[in-house]
Amino acid sequence: MKLRNYSLLTLLAAATSAEAVVVTLDATADHSGLVRNTDNAVGQYGRGDTLWGTANGTISQRRNGLVQFAALDPAIQSGITNGTVIVNSVTLELWNTTNNWNSTTLLFSRLAAGNTDWATLNGPDNGGNGVSSWSDKIESSGTDWASSTGAGNNNVGTAGQQVFGSLTSSYTVGGGSAIGDTKFTVPLSGSELNDWLSDPSAAPNLLVTWDSSAGDASAAQTRFATINTQASQEFAPNLVVDYTVIPEPSSMALLALGSMMTLRRRRTL
């Protein structure tokens, strides 16, 4: 038997090889009943079947959306915190609904601490007491939205924290277009992204807002499918996380030692 000559460096390289993994986190809740309207401050415009980011006609009439995703495995969260898991990329995936909408720019932000316990009925009508609205985190309870700038009544637009990504599109859906005809991908990044993914006390939440700095607010409506658009949830939002697991030093040493012992046994045969 011809034996191959493995050096210690070669064995260590094999033992320390990193593992690349891609996971898809499904949406678990979404809500578009956050409407600021001069005629109805509470904004009972619940649309559980559509994720909105809107400025309809004037800036004073705006609709923000919320979407929550399943959390990463606790072991992966811990690895991100201690450096044994490296996050390579995070991508938000969205699909169109059949409704018409116009060109606009949306911002996707992390919710500020204290806002991740928002409430939705997850049904076709998300308006009403006990559900999050523009004015209150929990409508009619007096519980305001919290943020670093002290968001309160009619100020849910500042309930977000760091902006992780944006989407600008001139795509217009015709009335006869099918749900899911077009897929939109939004790369997410930011200094708070790892903390957002690894927080064991709160699942990842995104606040969807219209970017008022991007242009005219006239009829700028953007609508995406949600977990309530179809029973199958085929075109519900997804969060795709690409990460790499780095072996811990103790594991690397054991793997290298095991490889060397195996090689030594072969040479003595």
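The values are calculated or read from the model by the stated rules, or taken from the named source; none is laboratory data. The structure displayed is predicted, hence computed values, not measured ones. Counting neighbours? That spans all protein chains shown, and the Cβs are built from the backbone with ideal geometry, glycine included. Side chains are part of the model used for accessible areas, which takes the heavy atoms of the whole protein and leaves out ligands, DNA and RNA. Shrake-Rupley method; radii C 1.70, N 1.55, O 1.52, S 1.80 Å.
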Check your understanding: So, of the residues in the stretch 76-107 that are modelled with pLDDT of 95 or more and in contact with a Gly (Cβ under 7 Å, 6 or more places away or on another chain), which turns out to be nearest to D211 (Cα to Cα)?
Key -> L92
Point to revise | Any hit, the stretch 240-251, residues being touching a helix residue (DSSP H, G or I) at 6+ places or on another chain (Cβ under 9 Å), modelled with pLDDT under 70 and in a helix (DSSP H, G or I) | key: yes
Check your understanding: If a residue has to be over 16 Å from the mean Cα position of the chain (by Cα), crowded, with 16+ Cβ neighbours inside 10 Å and outside any strand (DSSP E or B) to count, how many in the stretch 68-98 make the cut?
Key -> 6
Review point. What are the residues in the stretch 18-32 that are closer than 18 Å to G79 by Cβ, open to solvent by 60 Å² or more (accessible area, probe 1.4 Å) and not β-branched (V, I, T), if any?
Key: E19, A20
Check your understanding: Of the residues in the stretch 137-156, how many are open to solvent by less than 40 Å² (accessible area, probe 1.4 Å), at pLDDT below 75 and out of contact with any Asp or Glu (no Cβ under 6 Å at 6 or more places or on another chain)?
Key -> 4
Exercise for review: Could you tell me which numbered condition G65 fails, if it satisfies all but one of (1) farther than 15 Å from T226 by Cβ; (2) open to solvent by less than 30 Å² (accessible area, probe 1.4 Å); (3) modelled with pLDDT under 95; (4) not polar (S, T, N, Q)?
Suggested key: (1)
Review point. Is it the case that some residue within the stretch 43-60 is farther than 25 Å from V163 by Cβ and either at pLDDT 85 or above or assigned to a strand (DSSP E or B) (or both)?
Key: no
